[in-house]
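Peer 1: One structure, pasted below without further comment.
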Amino acid sequence: WLAAVLVGGLFVWAFRRPNVKARGLANALEVLVVFVRDDVVFPVMGEKRGEKWLPFFTTLFVFLLAVNYLGMIPLFRTATGNINVTTALAILILLIMFGAGIARLGALHFMGNMYPSGAPAPVGVFVLFLEFAGLFVKALVLSLRLFANMIAGHLAVLSLLAMIFVLSPWFCSVSLPLAVFIYGLEILVALIQALVFTLLSCIFISMASTSHEE
């Protein structure tokens, strides 16, 4: 909730004056939007479809970025280090995959798109089952990937600091520099994981809503 309020507040504040050249915060946020557009959405979906989906994927990327970096603040917990949060996000993407596919292709064509044309019935049904189950597997991968990567760094830092009390106070000369190094890596990991989740979501939604004939 805090991330949602911060992201919404930043965008409203930065662009409170329409038709004004972007400067400062507005320029920084505009760079994020252009990055998502040119490096994530348009290469996967194309410009025509990408324009419609750009607001969603920009929101997803910036929201995940805010959530991940809030977890870097001491005494804060990383929301994406909770499997319930990442699962909820993955379920959202799964529902959008079904919704976008059915809305664009139709229910019958959406299911038929998973059936290999010209294949014998037993093979076709088996492939259909695999393709359908694959949609759920993709959502599961989204959830586990984000959760594992966001919690791993925190556990590593906690383990290094705990060794000071378990082994010896003198161990701090080794554990503290390592903990600071891993903390610095987490700053990069937080950005990468927000990008990876957004990119994979874009790819999965595009695949689910694209006919094999296209």
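The values are calculated or read from the model by the stated rules, or taken from the named source; none is laboratory data. It should be emphasised that the depicted structure is a prediction, and the values quoted were computed from it without experimental measurement. Every residue, glycine among them, receives a Cβ derived from its backbone with ideal geometry; neighbour counts consider all protein chains shown. To get the accessible areas, we keep the full protein, side chains included, count just its heavy atoms, and leave off ligands, DNA and RNA. Shrake-Rupley method; radii C 1.70, N 1.55, O 1.52, S 1.80 Å.
Peer 1: Need one number: nm distance between label points at Ser159 and Ala28, each 7 Å from Cα along Cα→Cβ, rounded to one decimal.
Peer 2: A separation of 3.4 nm, rounded to one decimal place.
Peer 1: Another question, then. Tally Lys/Arg at +1 and Asp/Glu at -1 over every other residue whose Cβ is under 11 Å from the Cβ of Ala14; what's the total?
Peer 2: Once positives and negatives cancel, what remains is +2.
Peer 1: Based on the alpha-carbon gyration tensor of region 109-214 and its eigenvalue square roots a ≥ b ≥ c, which shape applies: rounded if a/c is under 1.5, prolate if not and a/b is larger than b/c, or oblate?
Peer 2: prolate
Peer 1: Return the distance in nm (one decimal) between the two label points of a simple spin-label model at Ala133 and Leu92, each offset 7 Å from Cα along Cα→Cβ.
Peer 2: Distance between label points: 2.9 nm.
Peer 1: Would you mind calculating the gained length between Val123 and Met111 on full extension (0.36 nm times residue separation, minus the Cα-Cα distance), in nm to one decimal?
Peer 2: Here the segment from Val123 to Met111 would lengthen by 2.8 nm.
Peer 1: Taking the full set of protein chains and a 1.4 angstrom probe, give the accessible area of Ser175 in square angstrom, rounded to the nearest 10.
Peer 2: 0 Å²
Peer 1: Can you tell me the relative contact order of region 80-214? Whole percent, Cα pairs under 8 Å, sequence separation 6 or more.
Peer 2: Here the relative contact order equals 39 percent.
Peer 1: Could you check which residue among Gly71, Gly46, Gly24 shows the biggest mean-square fluctuation in a GNM of the chain with a 10 Å Cα cutoff?
Peer 2: The residue with the greatest mean-square fluctuation here is Gly24.
Peer 1: Count the net charge of all other residues whose Cβ sits under 14 Å from the Cβ of Leu25, scoring Lys and Arg as +1 and Asp and Glu as -1.
Peer 2: Surrounding charge for Leu25 is +3.
Peer 1: Taking percent of Cα pairs over 31 Å apart straight from the coordinates, which label in (1) 31; (2) 35; (3) 48 is the correct one?
Peer 2: (2)
Peer 1: Related question: Please give me, ordered by residue number, the trypsin sites (Lys or Arg not before Pro) of region 60-151 that lie in loop per DSSP and have at most 14 other Cβ atoms within 10 Å.
Peer 2: Arg77
Peer 1: Roughly how many Å² is the accessible area per residue of region 142-214, as a whole number, for a 1.4 Å probe?
Peer 2: Normalised by residue count, the accessible surface of region 142-214 is 56 Å².
Peer 1: Can you give the helix-only mean residue ellipticity at 222 nm for the chain, where every DSSP H stretch with n ≥ 4 adds -39500 (n - 2.57) and the sum goes over all residues, rounded to the nearest 500 deg cm²/dmol?
Peer 2: Computed ellipticity for the chain at 222 nm equals -27500 deg cm²/dmol.
Peer 1: For region 1-128, evaluate the Debye formula with one uniform point scatterer on each Cα (no solvent term) and list log10 I(q)/I(0) at q = 0.11, 0.13, 0.15 Å⁻¹, rounded to two decimals.
Peer 2: -0.58, -0.75, -0.91
Peer 1: Quantify, in whole percent, the carbon and sulfur part of the accessible surface of the chain (1.4 Å probe; protein heavy atoms only).
Peer 2: 74 percent
Peer 1: Within the set of other residues whose C-beta is less than 13 Å from the C-beta of Glu51, count the net charge using Lys and Arg as +1 and Asp and Glu as -1.
Peer 2: +2
Peer 1: Quick check: from the Cα gyration tensor, does region 145-195 come out rounded (a/c under 1.5), prolate or oblate?
Peer 2: oblate
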